[in-house]
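Notes follow the structure.
Please treat every number below as a calculation from the coordinates, not as lab data. Keep in mind that what you see is a predicted model, and the values were worked out from it rather than measured. Virtual Cβ from ideal backbone geometry, glycine too; neighbours counted across all protein chains shown.
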Amino acid sequence: MDWISHLLFGLTLGAILLKYRFRGKIIFLAAASLLPDLDILWYHRSELHSPLVLLVFALLPAIQNRTLFFPLLIGFWSHSALDIFLFDNSNHTIMNLANQVIENESISRSIEENVTRYIAADGIMLFYPFSNEKFSITLGEESYAIMAGIIITIAVLTFLWLHFKQ
Ligand SMILES: [Zn+2]
């Protein structure tokens, strides 16, 4: 999933799960929901996407400050959860969308090639370090759009609820 979905999903989960302790820690949660993608610098969806490795990363700062543990863990694990879902581009959806905007087939094709190269992934290592096997759920055009719509809707509703509650 893309970074905006990661942020929205992480923040929404945090708003629901942390409630009153949420506000001061929002920045940690937001950062944690994006941090696993630092591995794009060497190898995307590496060990840095594995839930157990991320648990350790949430525990280390918690030695200094225990209140950081849950915001970090929620941010990290929300990232892993979303990255299990992959987008099925076998119908060249990305190229067709690009072509509708810029109306140039060869540029659209190179956009697709670049996008798929950077987001290329085959799931996450759910049980690393016990197993290197990668797990994924592939979504087609429609189900991917539905997922994104659900995330955005839940995010909007959560923020409205938090806003009008006080
Ligand atoms: Zn990722």
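Counting only DSSP H runs of at least 4 residues, each contributing -39500 (n - 2.57), and dividing by the residue count of the chain, the helix-based mean residue ellipticity at 222 nm comes to -20500 deg cm²/dmol. Computed about its Cα centre, the charge dipole of the chain is approximately 1160 debye, with only Lys, Arg, Asp and Glu carrying charge at their Cβ. Once the Cβ-Cβ distance of E113 and W161 is raised to the sixth power relative to R0 = 41 Å, the FRET efficiency obtained is 0.45. Taking 16 Å as the cut-off, the amide N atoms of region 131-149 that come nearer than this to a point 7 Å along the Cα-to-beta-carbon line of N96 belong to 139-146.
Working from label points 7 Å from Cα in the Cα-to-Cβ sense, the E103 to E133 distance is 5.1 nm. FRET efficiency for the pair D88 and R66, taken as 1/(1 + (r/R0)^6) with r the Cβ-Cβ distance and R0 = 25 Å, rounds to 0.05. Put +1 on the Cβ of each Lys and Arg and -1 on the Cβ of each Asp and Glu in the chain; which of W42, L13, A81 then has its Cα farthest toward the positive end of the dipole? Ranked along the dipole, the leading option is L13. Per the Debye formula on identical point scatterers at the alpha carbon atoms of region 1-93, with no solvent, log10 I(q)/I(0) at q = 0.17, 0.19 Å⁻¹ is -0.69, -0.83.
Legend: calculated FRET efficiency, L41 to T153, from the Cβ-Cβ distance at R0 = 30 Å, rounded to 0.05, equals 0.35. Note on the chain: the C-alpha convex hull projects to 11.2 nm² when averaged across all orientations.
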